[in-house]
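First up is the structure itself, then whatever we jot down about it.
The values are calculated or read from the model by the stated rules, or taken from the named source; none is laboratory data. Treat the numbers as computed from the prediction; the structure is a model and nothing was measured. So basically every Cβ, Gly included, is an ideal-geometry build from the backbone, and we count neighbours across all protein chains shown. Areas reflect the complete protein model, heavy atoms only, side chains present, ligands, DNA and RNA absent. Shrake-Rupley method; radii C 1.70, N 1.55, O 1.52, S 1.80 Å.
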Amino acid sequence: MGETILVTGASSGFGRAICHRLVADGHRVIGAARRFDRLEEMREELGSHFYPLKMDVSDQQQVDQALDDLPAEWSEVDVLVNNAGLALGLDPAYQANPEDWQTMIATNIWGLIYLTHRLLPQMVERDSGYVINMGSTAGTVPYPGANVYGATKAFVKQFSLNLRADLAGKHIRVTTIEPGLCEGTEFSTVRFKGDQERVTSLYKGAQAIRPEDIAETIAWLIQQPKHLNINRIELMPVSQTFGPQPVFREEEKE
């Protein structure tokens, strides 16, 4: 029997692909998400090595209840994959909806750190465990409209590094995965609030990263020797790279 792995945001996109890959690798996977009906469908597909867990990571009481309700045989989590997260809007900060900002902070930051805080004590007690956090290249490379989303992902990167410092001397690994442009998920549909034309335009001809690429990366990380820590992995499609920094001159504004 492999590890017991908890994956958040499991009902679609990266999370769904990660669950499928890890079950195929022989692990027992707890798939956590808000949309329990989708998780039940996944249980029918994946069998007894998959446990569906209704959880909104932004709701502290729901997280507590979900973890407390885990059957004893599923309660010791070896690997936590903090995959749940979202972006809302691409407006400049002076036009953005502050409620969207609150939602991103509640999910991308609070949800991630609270669930991590809940599961870390058992890992410390066993002196064994792994926390894999889903970041983004947006946490390193700024771009217009990324304002709070990019800031939340920069937080994830720094929190992960500081977590490693807190765990010095413990046999607990911490890794951040930082993808660039990805398709085949609901990410941009959510960000653009259902504007499918805008979503299609973004990915057209880009050959972007797919959920299976992220699942493969996580599978590889878990397979590494337990004395080896990969601090962070940044990955982009070949079609995406870095560009010049624009300079807007005063005369150009007239």
Q) Taking a probe of 1.4 Å, how large is the accessible area per residue of segment 36-169, in Å²? A) 48 Å²
Q: Take the alpha-carbon centre of segment 1-37, take the same for segment 64-87, and report the distance between them in whole Å.
A: 10 Å
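Which shape class applies to segment 68-207: rounded if a/c is under 1.5, otherwise prolate when a/b exceeds b/c and oblate if not, where a ≥ b ≥ c are the square roots of the Cα gyration tensor eigenvalues?
Note, shape of segment 68-207 comes out prolate.
Could you size up the charge dipole of the chain around its Cα centre, putting +1 on the beta carbon of Lys and Arg and -1 on that of Asp and Glu, and report it in debye to the nearest 20? It would help to have the intermediate numbers written out before the result.
On the way: 24 positive and 34 negative charges, 96 e Å.
Dipole about the Cα centre, nearest 20: 460 debye.
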Q | Calculated on alpha-carbon atoms, Rg and Dmax of the chain in Å | A | 18.6, 68
**Q.** Between segment 218-254 and segment 160-180, the Cα center-to-center distance that results, in Å
**A.** 18 Å
Q: With a 1.4 Å probe and every protein chain kept in, tell me what percent of the accessible surface of the chain is carbon plus sulfur.
A: 50 percent
Q) So which trypsin sites (Lys or Arg not before Pro) in segment 129-207 are both in a DSSP loop and have at most 13 other Cβ atoms within 10 Å of their Cβ? A) LYS193, LYS204
Q: Using just the helices of the chain, give the 222 nm mean residue ellipticity in deg cm²/dmol: DSSP H runs with n ≥ 4 each add -39,500 (n - 2.57), and the total is spread over all residues, rounded to 500.
A: -12000 deg cm²/dmol
Q: First measure r as the distance between the Cβ atoms of GLU234 and GLN207, then evaluate 1/(1 + (r/R0)^6) with R0 = 25 Å and state the FRET efficiency to the nearest 0.05.
A: 0.90
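So what is the diffusion coefficient of segment 147-248 in µm² per second by Stokes-Einstein at 20 °C and 1.002 mPa s, using a Kirkwood Rh over Cα pairs? All intermediate terms of the calculation are to be shown ahead of the outcome.
Numbers: Rh = 16.1 Å.
Calculated translational D: 133 µm²/s.
Taking 8 Å as the Cα distance limit and 6 or more residues as the minimum spacing, I'd like the relative contact order of segment 29-142 as a percentage.
Details: 109 pairs, mean separation 29.2, N = 114.
Answer for segment 29-142 is 26 percent.
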Q | segment 34-75 - percent relative contact order, Cα under 8 Å, separation 6 or more | A | 29 percent
Q | Given charges at Cβ of Lys, Arg, Asp, Glu: the chain dipole, positive-most of HIS27, ALA10, TYR203 | A | HIS27
Q. Just how many pairs of Lys in the chain have C-alpha atoms closer than 23 Å, counting pairs that are eight or more places apart or on different chains?
A. 5
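Determine the relative contact order of segment 152-254: mean sequence separation of Cα pairs under 8 Å and six or more apart, normalised by residue count, in whole percent. Don't jump to the answer; show the numbers that get you there.
Details: 79 pairs, mean separation 38.3, N = 103.
The value is 37 percent.
Order of 53-59, 18-24 by packing, highest average Cβ count within 10 Å first?
Details: 53-59: 21.0, 18-24: 22.7.
Peptide ranking by packing, descending: 18-24, 53-59.
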